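Undergrad: Questions regarding the structure given below will be posed in turn.
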Amino acid sequence: MNKKEITLIIWTAVFIVIGGGILFYGMSFNPFAWFGGNVTFTEPNNAPIPWGLLVIGYMFFGVIGTGVSTYNSLYEIFNKNHKERNPFEKVKLRNEWIALAVLIPGWIMVFASVFKPGEAVYIYLSFRDTSRIAWNGILYVLVGIGIIALILAIIGEKAERKDKKPILAYQLSKIGILIAGYAVTVELILDANLGSVFGYLSTWVFEFGSFMPLLFVVLSFYSGIGMISFVSPLYSWLKKESKNDPPSTQKQNVSSVIRENSMYKILARDGLLATIAVGFLTLWWMWITATNQETYPWAQLLISGGWSDVFWGGTVVVGILIPIILYAISYKIGNKITLFAAAIFSLLGMFAIVTIADVIPQAITWYYTISPVSPSNSNWVYEFRSVFNHGPLWSILPFGISYYDIIWFVGSVLLLLGVYTFGVLLLPLEEEEEVKHWIFK
């Protein structure tokens, strides 16, 4: 056991113990009461904007996780007969493990955002097909099954090359492409469903609802590429070999560096295209919102109101303009430092975009009435008395993050890091690596 492995073991234990400890603290040291919904912070949020950081969190991590797996699997599917053309062939197991690790905090936050987590099982026992939230629960499970099956299939494929055939993994490797196709399908449906939950809120005009699923599908590629671009250079730096290695190893390292640089260039190219697509959709979002009488207040809130700093600073500058510049530089000169920086900015921008998509639809409440001049049974006519009295047609609701929301978010992120480093310890995440534990031999 070398120094790096000892360091990884220590950090894995630290991340899992501290992350799990923080989550346990978030349960107020009373998990039985928490499951019954008798702990204060698990009760429905009575704040003016009820969907807070936990919902932002499960959207953020869920879309990133599906994006990593979808992007990785599509290269696998389209290069199934020419694996040498797949830039991620040597690291596809690492990418799928990243996807699983990122999805875990998403699952935790979905669970924590339920009023009575112990009763969440009824989502599956008495499934209501008209509920997009219920579909979220089902799709998260289906996505998890797909990614875990993909991980096992890739392990089986690697083992077969070395004349080792673990039964389950080996059998799954025979239908690896079918599993990848299934994973991509359910992942894209989950992304679209997450968008539809927020696109069809009553606060938006009807036609806006069809836009949000498209935005979240594109965001999955944008953030998935960002996460791979963040982890890949970091992984490379951490495993950098010694200059005193024998010539044969040094030659292998040079070949590995050339392959990595090619992969970084493809990540930069695809990241640039995905960021441009997000920029176009953001412009479209502003256009259809600002040019519609019913949604103009929301556009005003983003462009010049209380959320303009998050929109212009977080979404436009940090999430779109800076990544476009950095991805372009990285693609032009093949620099992994600029790729790494672009990834950081795109992930920060992703958080800003998801926050806006979650909070803004809830930030304004209209005054409505059933008026004699309105259509029968309609409650979508403005309160005319407010106009006559020079009163506002709407009010802006404040948004706040609770203490326990932060506890759950921080604990989940630390657990994510622990799960990832645990995989680094046990699995051959790259082609040249050997299986590191008897469980996977």
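The values are calculated or read from the model by the stated rules, or taken from the named source; none is laboratory data. It should be emphasised that the depicted structure is a prediction, and the values quoted were computed from it without experimental measurement. Cβ atoms come from the backbone with ideal geometry, glycine included; neighbour counts cover every protein chain shown. Quick note on the areas: whole protein, heavy atoms, side chains included, nothing else; ligands and nucleic acids left out. Shrake-Rupley method; radii C 1.70, N 1.55, O 1.52, S 1.80 Å.
Undergrad: Taking Phe409 as meeting all but one of (1) part of a loop (DSSP other than H, G, I, E, B); (2) at pLDDT 80 or above, write down the number of the exception.
TA: (1)
Undergrad: Of the residues Phe230, Phe216, which is open to solvent by 40 Å² or more (accessible area, probe 1.4 Å), within 21 Å of Gly62 (Cβ to Cβ), modelled with pLDDT of 90 or more and out of contact with any strand residue (DSSP E or B) (no Cβ under 7 Å at 6 or more places or on another chain)?
TA: Being open to solvent by 40 Å² or more (accessible area, probe 1.4 Å), within 21 Å of Gly62 (Cβ to Cβ), modelled with pLDDT of 90 or more and out of contact with any strand residue (DSSP E or B) (no Cβ under 7 Å at 6 or more places or on another chain) holds for just one of Phe230, Phe216, which is Phe230.
Undergrad: Here's something else I'd like to know. Is there a residue being in contact with an Asp or Glu (Cβ under 9 Å, 6 or more places away or on another chain) and over 30 Å from Asn86 (Cβ atoms) anywhere in the range 300-312?
TA: no
Undergrad: Name the helices (runs of 4 or more DSSP H) wholly within the range 261-377 that hold at least 3 residues that are open to solvent by less than 30 Å² (accessible area, probe 1.4 Å), at pLDDT 95 or above and within 22 Å of Trp51 (Cα to Cα)?
TA: It comes to 336-359.
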